[in-house]
Amino acid sequence: MEVTEATDLPLIAVVGPTGSGKSALGIDLAQRFDGEIINADSMQFYRGMDIGTAKVTLDERQGIPHHLLDTLAVHQEASVAAYQLQARAAIADIRGRGKTPILVGGSGLYVRAALDVLDFPGIDPAIRERLEGDLARDGKDLLRQRLTAVDPVSAGRDLDDRRLIRALEVYEVMGRPFSSFMPQRKYHQAAVQVGLGVDRSRLRERLASRVHAMVDAGLREEVVRLDSQGLRTGRTASRALGYSQFLQVIDGALTSEQAASDTIDATRRFARRQLTWFRADPRISWLDWEDPDLGSRAAEHIRQTFGLS
C-alpha cells in the first residue's frame, strides 16, 4: 500500500451523516497516509457509550490510534470550545510525530471548531440558571420572542431549549448576537474535507437495521449500566439518540420495541439535519458512500487537490 509523506499533507476531514461509513473510510485513509484519527462525534466522547454511538472497537481500529474518544464521564457536559483546544492540540501532536491527522465525525459544529477560524463567546452560569428558570416559568415561546428582539438570525433557527438559552446567555454576556459568532468557512490551517454522499432511501434502511442491531447487541443493558453512573444528570449524554429513549424503557414509559422505533425515527431526522448542515459547506467534496473503490477515490482526490504524488 502506497504511503505519502505525512508532512506533505494537510489536515484531512471525513464528514457526512450518521451511518454512512465515515469511521471505515477514516481508517482506510489513515492506512494509506500513515495517519491517526481524531474523533469529531460529540457522543463518542463519553466513556461507556459504545453500542448506541457505534463507537469503533479496538479490533475495528486495526491498530490506528484514535484520539478524543472516551474523554468524558456521562454526567459531564460536552463543550465545543474545550473540544476546539483539544482537537487542535491533537492535530499538532500527530503532526509533530510525522503522522497525518484525520478528523472523522458527523457533529457539524465540532468539525468546524477544529477546522475553521472560530471564536467562542463567554459563559455565565448565573445568567444561564436564571434563563433556565425563565424558560420553566414562561415557556419557550416567550423566550423565543425575547431572542427575536436581539438576535433574529438565531431566533429563526429551529433551536432546542438548550440552544435557545445559550443564545440569550451569549447576548447578555457579550452584548453581541450569538449568530455573530458563527464560523465563516475560513480554514484555521490547510485542510481538505471529504463527504460521504448517500442515497437517502438506502440510508433510511441502513439506520433502521443499525438500531435493531444495537438493541440486539445490548443497548438497553448499556443504558442501565450508565444510568447508575449518572447518565440522567448529563446535559449532553442523556439526550443522545437511543439513550434517552431507553431511559424511558427503564422507567416503564416505553417498551423496548417502542424505544427502538422512536430511536429509528430520531436517527433519521438527525441524519437529515446533518446532510443539510454539511451540504451548505461548498468546500466539501462528495463521494459515493457505496463506491467499492471509495478509499482509492478519496485518496486520489486528496492527492490531486494538493498536488501530491
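The values are calculated or read from the model by the stated rules, or taken from the named source; none is laboratory data. Just so it is clear, the model here is predicted, and its values are computed rather than measured. Please note: Cβ atoms are built from the backbone with ideal geometry, for glycine as well, and neighbour counts cover all protein chains shown.
Of all residues in the stretch 284-298, those that are under 23 Å from SER201 (Cα atoms) and aliphatic (A, V, I, L, M) have Cβ atoms under 9 Å from Cβ atoms of residues that are at pLDDT 95 or above and assigned to a loop (DSSP other than H, G, I, E, B), 6 or more apart or on another chain, in ILE284/GLY16; LEU294/GLY21.
Let's see how each residue does on (1) over 22 Å from the mean Cα position of the chain (by Cα); (2) of a type in the set (Phe, Trp, Tyr):
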| site | (1), (2) |
| --- | --- |
| ALA90 | no, no |
| GLY96 | yes, no |
| LEU109 | no, no |
| ALA113 | no, no |
| PHE120 | no, yes |
| GLU132 | yes, no |
| ALA136 | yes, no |
| ASP141 | yes, no |
| ARG146 | yes, no |
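Tally time: how many residues in the stretch 26-56 are free of Cβ contacts under 8 Å to residues at least 60 places away in the same chain, buried (at least 18 other Cβ atoms within 10 Å of the Cβ) and assigned to a helix (DSSP H, G or I)? So the answer is 2. When we screen ASP116, ASP124 for residues that are in contact (Cβ under 8 Å) with a residue 24 or more places away in the chain, among the acidic types (Asp, Glu) and under 17 Å from TYR187 (Cβ atoms), the only hit is ASP116. No other residue among ARG232, ARG202 is of a type in the set (Lys, Arg) and either surrounded by 13 or more Cβ atoms within 10 Å (Cβ to Cβ) or touching a helix residue (DSSP H, G or I) at 6+ places or on another chain (Cβ under 9 Å) (or both) apart from ARG232.
In the stretch 277-309, the qualifying residues are those that are modelled with pLDDT of 95 or more and polar (S, T, N, Q), and the one that is nearest to SER20 (Cα to Cα) is SER285. Listed here are the helices (runs of 4 or more DSSP H) enclosed by the stretch 57-151 that have at least 3 residues being surrounded by fewer than 19 Cβ atoms within 10 Å (Cβ to Cβ): 58-61, 80-96, 125-138, 140-150. Within the stretch 255-270, residues that are of a type in the set (Lys, Arg) have Cβ atoms under 9 Å from residues that are crowded, with 18+ Cβ neighbours inside 10 Å and modelled with pLDDT of 95 or more in these pairs: ARG268/LEU203; ARG268/LEU207; ARG268/ALA208, counting only partners at least 6 apart in sequence or on another chain. The helices (runs of 4 or more DSSP H) located wholly in the stretch 230-309 that include 2 or more residues which are within 22 Å of the chain's Cα centre (by Cα) and outside the structural domain of LEU25 (by TED's automatic domain parsing) occupy 243-250, 256-279.
Of the residues making up the stretch 156-170, those that are closer than 21 Å to ARG112 by Cβ, in a helix (DSSP H, G or I) and of a type outside the set (D, E, K, R) are LEU164, ALA167, VAL170. Inspection of the stretch 98-110 finds no residue satisfying the criterion of being of a type in the set (A, V, I, L, M), farther than 20 Å from LYS186 by Cα and either touching a His at 6+ places or on another chain (Cβ under 7 Å) or not assigned by TED's automatic domain parsing to the domain that holds LEU247 (or both).
Among the criteria (1) free of Cβ contacts under 8 Å to residues at least 40 places away in the same chain; (2) among the polar types (S, T, N, Q); (3) exposed (fewer than 13 other Cβ atoms within 10 Å of the Cβ), the one GLN184 does not fulfil is (1).
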